[in-house]
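Taking it in order: structure first as structure tokens, then the write-up.
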Amino acid sequence: MRVVQVSAHYPPNFVSGGTLVPQRVARDLIDRGHEAFVYAGYLDEKRTPLETWQETDPHGVHVCWIVTTPWTAWSDPRNTVNPPVEEAFKSWLDEVRPDIVHLHSLQTLGGGMVRVAKSAGAVVVLTMHDFWWTCARQFLTSAELRPCSIVVSCGNCPCAVSHDWLERRNAGLQAMLEDVDVILAPSASSARVLIANGIDASRVRVDENGLPDGEAPGGSRVPNDVTSPLRLLYAGGPDPMKGIEVLLEALWRVPQDDPWTMDLFGVEPTGRHLPPGVRALPAYRPAELGTVLGSHDVLILPSVVRESHSILTREALLGGLAVICTDTLGPEEAVQHGVNGLIVPAGEPEPLGTAIARLVADRDMVTRMQQAELVAPIRQFRDQMDCLEELYLDLVGAGAGNVGTAGQAGSLLRTPAVLEAEETLLHRVLFVVGIHGAPLRYRGHLPAEALRLRGHEVEVRHYRDPALGELATWADALVLYRVPATNQILDLIAGVRTRTRPVPVLFDIDDLIFDPSLMGLVHGLANLPETERELWWRGVARYRTTMEACDGYVGSTQALCDHATEVAGLPAFRFANGVGRDLARISDREAARPRAAGPLRLGYFSGTKTHDADWAVVEQAVIEVLRSRPEVELWVGGLLTTGPELRAFGDRVVRLPLLAWTELPGRLRDLDINLAPLVPDSQFNEAKSAIKWLEAALVETPTVASPTQPFVESIEVGRTGILATTRGEWVAAIESLLDDALLRRRIGTQARREALLRWGPHVQADRYVEILRESARHIRLHGPRSATGWEHVLDDEPLDAAEGWLEPYPGAQLESTPTAFSWLKASAAARRLAAARRVYRTSGTGGVARKTVKMLKRTR
């Protein structure tokens with residue numbers, strides 16, 4: 001094979017972990033009998049920009065250099081897209097004619113290198129060594145060296161210019177990624193981040209960096225008894241992104257009561273006021289690694305940037321050291337908190353100082369960590385190259401432009417024509433909703449917002465909106481969320497059924513309120529007047545009537561999905577309540593500020609009148625904590641009736657009104673512990689989603705919750721929250737958090753990360769697209785839903801423009817007039833002409849012909 005490695009920087013001009021990888025790959029390919037070429041940026045202010053020259057290194061690798069010095073600034077447009085470099089690269093590729101182009105870091109070369117490589121007829125592989133494709137500053141860290149939102153669309157970071165600029169930049173780069181066949185990530189955690197930021201999951205696979213042969217830590221450890229100072233090691237050099245300033249501030253917080261020393265390798269002592277016992281030393285040579293590790297006890301890795309991997313962390317663990325690292329992704333894959341090291345929030349001196357002090361004071365803990373088995377295998381570079389060579393051969397054999405991966409070896413063949421056809425047929429989605437408030441946001445606006453991220457046209461309308469008939473005529477899928485049965489809604493569904501091509505009709509409801517047989521099991525209804533209870537249950541029967549007319553059910557929890565299938569025989573699709581951009585951005589602003597000054601605070605926020613029984617689950621435990629800890633406050637929000645015993649605590653119990661969703665993040669941020677109790681052994685509560693955990697997690701507030709299935713799914717005990725059942729467990733969980741500020745901080749930051757990575761907008765979009773495809777596939781196999789034996793309960797509610805408007809939602813992008821899909825906004829002729837022009841620009845006349853055939857097949 002003829003294989004090209006492309007890298008923005010390359011040794012010996014620029015040496016780093018990311019630049020050594022393409023060099024090692026190229027040289028190993030030569031050893032394996034392949035032809036290896038490198039195209040690399042060169043930094044030298046004395047050379048002319050865009051100057052190029054070629055040379056062959058001593059290993060036989062052909063290297064073409066191009067000077068890119070002027071465009072290293074993250075804000076420079078040509079750092080992102082650099083047309084002159086693309087032209088030079090194209091000319092060079094025309095001579096080389098490679099089988100594979102493996103792209104690495106592309107800052108200063110530009111994302112357009114992908115398109116050039118594909119146009120040359122090569123298979124294109126891209127390794128994302130950092131997060132440049134979604135963060136112009138590469139490391140998801142602000143200019144102030146604070147971690148940014150790990151999902152860019154959910155944050156407010158101005159990045160190199162502004163947040164709007166960043167989103168425009170990222171949208172352009174995303175389009176370029178369509179020409180990549182396989183995307184490699186150096187770790188599983190970095191792959192999750194890439195996917196959560198919109199990188200196509202079907203193309204991503206993990207290719208962990210391997211430890212180079214001959215560079216594994218050698219030598220023997222120098223014994224260090226507990227009476228000698230604990231020997232701490234830092235090897236990140238002077239770069240502030242590696243956390244040296246944070247570390248120095250943290251070290252001043254570590255008491256000197258127990259002896260310890262700290263060696264800072266690669267750090268100049270000039271101009272620094274170092275704590276006692278701290279030495280600044282020159283950087284060690286690679287051959288000295290074993291000796292350096294053998295003469296220390298604990299590696300400190302205080303990096304403030306998100307690391308896609310960390311070779312040093314793995315080398316230290318292999319060398320028998322304990323590790324204190326920040327929560328910066330790559331290192332965490334090898335460090336298990338409390339087992340072989342400690343993990344602290346990035347960019348924060350106080351938690352880092354606390355962690356160091358803990359190990360200095362507890363030498364037995366250090367010894368246990370040093371003796372712990374590896375929690376993750378250390379990969380060797382030879383294994384990495386074996387897999388990479390196999391991937392290259394599979395891709396070339398499969399044919400350029402027709403390959404992809406689902407993250408596993410093999411199964412590389414993709415069927416883009418089939419995927420494109422399914423996406424085209426499900427392009428326009430109409431959500432019809434019957435409720436306002438938070439439920440509408442989570443089940444209507446958020447999936448609509450997510451689908452728009454994937455290019456779908458989506459409308460969200462009230463079930464009495466007069467435009468529904470016209471919209472339904474053009475919809476490819478119809479979703480009815482909490483829509484009670486009316487004559488008009490059943491007519492709407494019947495009209496959709498007459499379409500030539502089957503259109504999936506889905507029913508969504510996020511509570512167990514579609515089964516009248518559960519009467520008497522719903523907590524909180526006993527306090528309602530009889531007429532209101534009767535009306536409530538009639539509403540349940542009307543929901544069920546709409547549900548029976550649909551083809552499938554979409555539920556927020558597994559319990560809901562299972563019950564829907566059991567009672568109605570519907571195929572059920574799980575779509576968990578997730579993160580919307582607007583709530584996430586509000587939460588991001590709140591999470592960036594310190595908590596309000598004052599005592600430690602417990603809090604419980606109720607959304608409706610039906611949560612008194614849930615609060616009763618935890619009230620006695622809270623009272624016990626308040627009695628034993630006079631410094632603690634309780635905040636109670638919303639429509640909640642509490643027991644009389646709380647009155648004894650006076651103004652330590654703070655009552656808050658029902659809050660607007662835009663105000664809730666600020667209140668949750670000022671809590672130290674969020675409480676989420678639910679009545680146990682309740683079928684109704686098992687069906688409730690983990691919203692209370694999710695909303696608190698977004699502002700980094702730790703939650704103690706009842707162990708219902710959704711909370712069990714969301715919470716990793718001790719890392720992203722705590723679960724409690726009995727009064728004693730509630731008291732123990734609350735007190736453990738009150739006593740340990742580091743535990744509160746760690747659980748809060750980990751919970752926020754998990755919420756964004758598991759339920760962020762892009763991940764949610766992929767799931768909803770999958771639901772639409774699955775539902776369409778079900779209809780193709782089984783046909784639309786037939787009439788059932790359910791006895792209809794419905795009312796007549798004429799369509800009314802006055803009832804048709806929903807309250808404004810920032811992410812919905814609603815217009816001021818009742819418009820339909822953009823498909824309806826232009827004449828048929830204009831639409832066809834515009835579509836033909838777009839296809840011609842990307843696919844030529846053949847593409848236009850194929851598109852025309854496809855459109856003819858869609859005739860209704």
**OP:** Among the numbered conditions (1) under 19 Å from Ser736 (Cα atoms); (2) open to solvent by 40 Å² or more (accessible area, probe 1.4 Å), tell me where Asp672 comes up short.
**Re:** (2)
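Test of understanding: among Leu737, Leu772, Leu756, which residue is over 30 Å from Glu457 (Cα atoms), open to solvent by less than 30 Å² (accessible area, probe 1.4 Å) and in contact (Cβ under 8 Å) with a residue 60 or more places away in the chain?
Testing whether each residue is over 30 Å from Glu457 (Cα atoms), open to solvent by less than 30 Å² (accessible area, probe 1.4 Å) and in contact (Cβ under 8 Å) with a residue 60 or more places away in the chain leaves just Leu737.
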Original post:
With Leu646, Leu639, Leu570, Leu560 as the choices, which residue is in contact with a helix residue (DSSP H, G or I) (Cβ under 6 Å, 6 or more places away or on another chain), in contact (Cβ under 8 Å) with a residue 24 or more places away in the chain and open to solvent by less than 10 Å² (accessible area, probe 1.4 Å)?
Top reply: Leu570
**OP:** Test Trp730 against the stated conditions and say whether it is modelled with pLDDT of 95 or more and either farther than 16 Å from Leu602 by Cα or assigned to a strand (DSSP E or B) (or both).
**Re:** no
Original post:
If we keep just the residues of the stretch 440-455 that are over 17 Å from the mean Cα position of the chain (by Cα) and surrounded by 21 or more Cβ atoms within 10 Å (Cβ to Cβ), which is nearest to Asp200 (Cα to Cα)?
Top reply: Ala448
**OP:** Could you check how many residues of the stretch 283-294 are open to solvent by less than 60 Å² (accessible area, probe 1.4 Å) and part of a loop (DSSP other than H, G, I, E, B)?
**Re:** 1
**OP:** Kindly establish whether Glu624 is surrounded by fewer than 19 Cβ atoms within 10 Å (Cβ to Cβ), closer than 21 Å to Thr725 by Cβ and modelled with pLDDT of 95 or more.
**Re:** yes
Subject >> First in the stretch 428-439 and closer than 18 Å to Ile513 by Cα, second anywhere and open to solvent by 30 Å² or more (accessible area, probe 1.4 Å) and outside any helix (DSSP H, G or I), Cβ under 7 Å, 6 or more apart >> reply: His436/Glu807; Ala438/Gly607; Ala438/Trp661
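Taking the options Leu535, Leu521, name whichever one is open to solvent by 50 Å² or more (accessible area, probe 1.4 Å), closer than 19 Å to Thr557 by Cβ, aliphatic (A, V, I, L, M) and modelled with pLDDT under 95.
Leu521
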**OP:** Mind listing whichever residues of the stretch 321-336 are open to solvent by 10 Å² or more (accessible area, probe 1.4 Å) and over 23 Å from Asn224 (Cβ atoms)?
**Re:** Asp327, Glu332, Glu333
**OP:** Would you check which residues across the stretch 590-608 are surrounded by 15 or more Cβ atoms within 10 Å (Cβ to Cβ) and among the basic types (Lys, Arg) and list them?
**Re:** Arg595, Arg601
**OP:** Any chance you could count how many residues in the stretch 317-345 are at pLDDT below 95, over 22 Å from Ala191 (Cβ atoms) and not in a loop (DSSP other than H, G, I, E, B)?
**Re:** 1
**OP:** Would you please name the residue that is farthest from Gly210 (Cα to Cα), looking only at residues in the stretch 348-381 that are not aliphatic (A, V, I, L, M) and not in a helix (DSSP H, G or I)?
**Re:** Asp362
Original post:
Mind checking whether some residue in the stretch 159-182 is in contact with an Asp or Glu (Cβ under 7 Å, 6 or more places away or on another chain), crowded, with 20+ Cβ neighbours inside 10 Å and not hydroxyl-bearing (Ser, Thr, Tyr)?
Top reply: no
**OP:** Scan the stretch 701-722 and give yes if some residue there is small (Gly, Ala, Ser), touching a Pro at 6+ places or on another chain (Cβ under 8 Å) and part of a strand (DSSP E or B), otherwise no.
**Re:** yes
**OP:** May I ask you to say which residue of Leu352, Leu318 is surrounded by 21 or more Cβ atoms within 10 Å (Cβ to Cβ) and of a type outside the set (Phe, Trp, Tyr)?
**Re:** Leu352
Original post:
When the stretch 25-81 is examined, which residues are found to be without any contact (Cβ under 8 Å) to a residue 12 or more places away in the chain and either part of a strand (DSSP E or B) or of a type in the set (A, V, I, L, M) (or both)?
Top reply: Gln54, Glu55, Thr56
Original post:
Any idea which of Leu274, Leu301 is open to solvent by 10 Å² or more (accessible area, probe 1.4 Å) and in contact with a Cys (Cβ under 8 Å, 6 or more places away or on another chain)?
Top reply: Leu301
Subject >> Flag if Ser149 is at pLDDT 95 or above, out of contact with any Leu (no Cβ under 9 Å at 6 or more places or on another chain) and part of a loop (DSSP other than H, G, I, E, B) >> reply: no
Original post:
For the stretch 1-22, how many residues meet the condition of being at pLDDT below 95, touching a His at 6+ places or on another chain (Cβ under 8 Å) and part of a loop (DSSP other than H, G, I, E, B)?
Top reply: 2
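Anything in the stretch 105-133 that is at positive phi, touching a residue at least 40 places away in the same chain (Cβ under 8 Å) and open to solvent by less than 10 Å² (accessible area, probe 1.4 Å)? List them, or say none. So that I can check it myself, show each step before the final result.
Within the stretch 105-133, the subset at positive phi is 108, 110, 121.
Keeping just the survivors that are touching a residue at least 40 places away in the same chain (Cβ under 8 Å) gives 108, 121.
Selection gives Thr108 alone.
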Subject >> Single residue of the stretch 649-669 satisfying the filter (free of Cβ contacts under 8 Å to residues at least 40 places away in the same chain and open to solvent by less than 30 Å² (accessible area, probe 1.4 Å)) that is farthest from the chain's Cα centre (by Cα) >> reply: Phe649
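How many of the residues making up the stretch 17-50 are under 32 Å from the mean Cα position of the chain (by Cα), polar (S, T, N, Q) and open to solvent by 20 Å² or more (accessible area, probe 1.4 Å)?
Qualifying residue count, the stretch 17-50: 1.
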**OP:** Restrict the check to the stretch 207-215 and report whether at least one residue is surrounded by fewer than 16 Cβ atoms within 10 Å (Cβ to Cβ) and in contact with a Ser or Thr (Cβ under 8 Å, 6 or more places away or on another chain).
**Re:** no
**OP:** List the helices (runs of 4 or more DSSP H) that sit entirely inside the stretch 505-619 and contain at least 2 residues that are closer than 25 Å to Gly760 by Cα.
**Re:** 558-568, 581-591
**OP:** Take Ala687 and decide whether it is open to solvent by less than 10 Å² (accessible area, probe 1.4 Å), small (Gly, Ala, Ser), touching a residue at least 40 places away in the same chain (Cβ under 8 Å) and under 22 Å from Leu512 (Cβ atoms).
**Re:** yes
**OP:** May I ask you to verify whether Ala280 is surrounded by 22 or more Cβ atoms within 10 Å (Cβ to Cβ), farther than 30 Å from Gly121 by Cβ, of a type outside the set (Lys, Arg) and in contact with a strand residue (DSSP E or B) (Cβ under 7 Å, 6 or more places away or on another chain)?
**Re:** no
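The values are calculated or read from the model by the stated rules, or taken from the named source; none is laboratory data. Computed from a predicted model, the values in this text were never measured in an experiment. For neighbour counting, all protein chains shown are included, and Cβ atoms are generated from backbone atoms with ideal geometry for every residue, glycine included. Areas reflect the complete protein model, heavy atoms only, side chains present, ligands, DNA and RNA absent. Shrake-Rupley method; radii C 1.70, N 1.55, O 1.52, S 1.80 Å.
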